[in-house]
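Data first, discussion second: the structure below is written as structure tokens.
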Amino acid sequence: MAKKKVIITCAITGAIHTPTMSDALPYRTEDIARQALDAAEAGAAILHLHARNPEDGSVSLDPDHFMGFLPTIKQATNAVVNISTGGSLVTTIDDRMKPAKRASPEMCSINMGSMNFSFHPLADRYDDWKFDWEEEYVKNSDSFIFRNTFADIAKVANELGGDYGIKFEHECYDVGHLYNLDFCMKQGLFKAPIFIQFIFGILGGIGPEIDNLIFMKRTADRLFGDQYQWSVLGAGGAQMPLAAAAATMGGNVRVGLEDSLFIERGKLATSNAEQVAKVRGIVEGLGYEVATPDDAREMLALKGGDKVTF
Ligand code: KMH
Ligand code: ZN
């Protein structure tokens, strides 16, 4: 019998962590490209990408910053590129969609509800910051509302899903987000198979307990039956334990420095690839096979790497 295939997504840099927190967090164009390629080489079928300002590592939605690394990635790997539409807590959904419109990747993230989304407690861990913007950015996240209204979701679905043929990584940070997704499915905004990322441990979302993973999974089974594929992202210290639980339960996994800077308790990861290699060992140790990018394309019904514009 063929082994079950598990998709590893790697989220390379994100918009939560800042350069002070880890020297491994990539923000220069060439470092994002290099780490993405190494992560793909280590076994990631999907690369979830945000951009940074290459000068100071601040979060960027500038399509030119994305275009700095996307062609390099495309030339050197067959991995699926997934561009975030959630990369800023302070700008409009139109700005958040601009990089995806320029690059028309195979996948984009879409965030399935509005919420508090905070990482301000991280500010207490650092006294000296590498760049001026970092401390205020981290501290002020206690005042952010991550806006993803039904109108915003419909706009992303119609424009990126409809016009550009992009499939989504549906970011669900709580059980209610699954019901939002179910409502949108019934409105005809998304077509099966959908790919749900269950997210645990973001301050503002559901906590990283196994009970919650089981609850999310059972709820999704009830709402979506065989119409969905699922993956798990545990933030911070929950990353590897929840990835192991997800793989054990038959799901897919997401790792990467966007979600956790650590490789084990108290020890910073040296790269994204190190986390991918570790989770790959867990997946293979459980007797599963790591999905190739083409496996992922088939499992998620993606449009194909020849239909992107970068
Ligand atoms: N940062 C993660 C918790 C997005 O980019 O749209 C969720 C995420 C959101 O990756
Ligand atoms: Zn992201």
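Figures for the structure shown
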{"item": "Nearby lysines by direct alpha-carbon distance to LYS267 (threshold 19 angstrom, same-chain neighbours under 8 apart not counted)", "result": "LYS278"}
{"item": "Accessible-area order (highest first, 1.4 angstrom probe) of the listed residues GLU41, GLU30", "result": "GLU41, GLU30"}
{"item": "Estimated 222 nm signal from helices in the chain, with DSSP H stretches of n ≥ 4 weighted -39500 (n - 2.57), rounded to 500", "result": "-11000 deg cm²/dmol"}
{"item": "Which listed pairs, of LYS101/LYS303; LYS155/LYS191; LYS4/LYS191; LYS98/LYS167, have C-alpha distances above 19 Å, in listed order", "result": "LYS4/LYS191"}
{"item": "Residue-span extension gain [ALA192 to GLU136] - 0.36 nm each, minus C-alpha spacing", "result": "16.0 nm"}
{"item": "Cut-off 19 Å (backbone N to label point 7 Å along Cα→Cβ of ILE145), residues of the range 80-118", "result": "86-96, 111-118"}
{"item": "Distance between modelled label sites at LYS267 and ASN158, nm, 7 Å Cα→Cβ extension", "result": "5.1"}
{"item": "Accessible area per residue in Å² at 1.4 Å probe, computed on the range 5-307", "result": "39"}
{"item": "In sequence order, calculated HN-Hα J values of the range 231-247 (Karplus, 6.51, -1.76, 1.60; Hz; x Gly/Pro)", "result": "9, 10, 10, x, 7, x, x, 7, 4, 6, x, 6, 5, 4, 5, 4, 4"}
{"item": "Cα-Cα pairs of the chain separated by more than 33 Å (percent)", "result": "15"}
{"item": "Packing-based ranking, highest mean first, of 204-210, 80-86 given that Cβ atoms within 10 Å are counted", "result": "80-86, 204-210"}
{"item": "Of all accessible heavy-atom area on the range 5-307, the percent that carbon and sulfur account for (1.4 Å)", "result": "49"}
{"item": "Centre separation in Å (Cα based) which lies between the range 1-72 and the range 173-248", "result": "22"}
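The values are calculated or read from the model by the stated rules, or taken from the named source; none is laboratory data. Keep in mind the model is a prediction, meaning the values are calculated, not measured. Cβ coordinates were reconstructed from backbone atoms using ideal geometry, including for glycine residues, and neighbour counts include every protein chain displayed. To get the accessible areas, we keep the full protein, side chains included, count just its heavy atoms, and leave off ligands, DNA and RNA. Shrake-Rupley method; radii C 1.70, N 1.55, O 1.52, S 1.80 Å.
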